[in-house]
Every structure is written in C-alpha cells, then in structure tokens.
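Structure, as structure tokens:
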Amino acid sequence: MYTVQKAAPRGLIEENQLQRLLHAQKAFTGVEDPMTKECLSVGEAVQKGWMLKDTAIHYMEAQHLTGGLVKLNTGRRVSIFDAIGSKMIDNAMMRELQNESTYIKDIEKISYKRALDCCKKDRVSGLPMLPTHSKESGNNSTRYARL
C-alpha cells in the first residue's frame, strides 16, 4: 500500500485528484499546525483556523458514519461525545454531525449513511458495494461499485 505522496509519482493517481486525496488523507493522519508543528485532528484544525469547516465536515462525516472520529494519538475511533470531551470537535460540529439533513448529497440526493445502508457486501472482499446504474450505456442494468 502506498501513501498518496508515493502513489502519485508512480502514476497511480490522476493529477487532478492529487490535492483532493492529500486533503482526505489528512483527515486520518492529521493536519500539521504550521506554527507549533503539532499534529491536529480535522476538528482541531478547524477550531484553530487551519482548515475550512466546509471541507472538514465532509471528512468528519465520513469518519463518523464509518465507525467514529479518528483520535490521532491512538489511531482509534471515538464517538462524537468522546470527541467533544477530548476537544477534538466543538458543540456546533457535534450538532452538525448528528443532523442527517446537513449531510452533502450527490446525484440521487441521498446521504452517505443511506448509501451505506443500500450497500451489499461483496462476497470476495467483504467490502460494501453500492448499486449503480449506467446512464452512458443507455441500459438500466444494476452494477455494484465500491464505496
């Protein structure tokens, strides 16, 4: 397995996706505070002004819905209530993560949580697979894509 930085020069990542993937990687590895060099969680980076809330909320939503927010010093997942207690997020972020109506919706306008609920487990890999429909081919065959 490669980090984003190692995969890019090998041509495994399209150039137009590089920055987006680097930001997403920071959601799990932390955001460096340029002043103190301290490694911050996404929520802490927002609180200190090093990451835009609109960007960070997408990462925190994905973490929250897939097992909890990532606590950087342990690498473990924690509930949003534990995240509040350890000051990883503030009350406003907690409310936003709890409110399903604020989740970003795309194409069919469903939440990430609902998408996970629609998934079927792949028999071989065990990964959640989301049913997709091909608009380009003009047929209505259902396929499954990794989520």
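Taken together, Lys26, Lys53 contain a single residue that is closer than 17 Å to Arg95 by Cβ and not small (Gly, Ala, Ser), which is Lys53. How many residues does segment 17-42 contain that are polar (S, T, N, Q), over 14 Å from the mean Cα position of the chain (by Cα) and in a loop (DSSP other than H, G, I, E, B)? The total comes to 1. Of all residues in segment 43-63, none satisfies being assigned to a strand (DSSP E or B), within 15 Å of Thr29 (Cα to Cα) and of a type in the set (D, E, K, R). Val4: over 27 Å from Pro128 (Cβ atoms), more than 12 Å from the chain's Cα centre (by Cα) and aliphatic (A, V, I, L, M), yes or no? The answer is no for Val4.
Only the coordinates and a few stated rules stand behind these numbers; no lab work does. Quick caveat: nothing in here was measured; it's all calculated off a predicted structure. Positions of Cβ are backbone-derived with ideal geometry, glycine not excepted, and every protein chain shown enters the neighbour counts.
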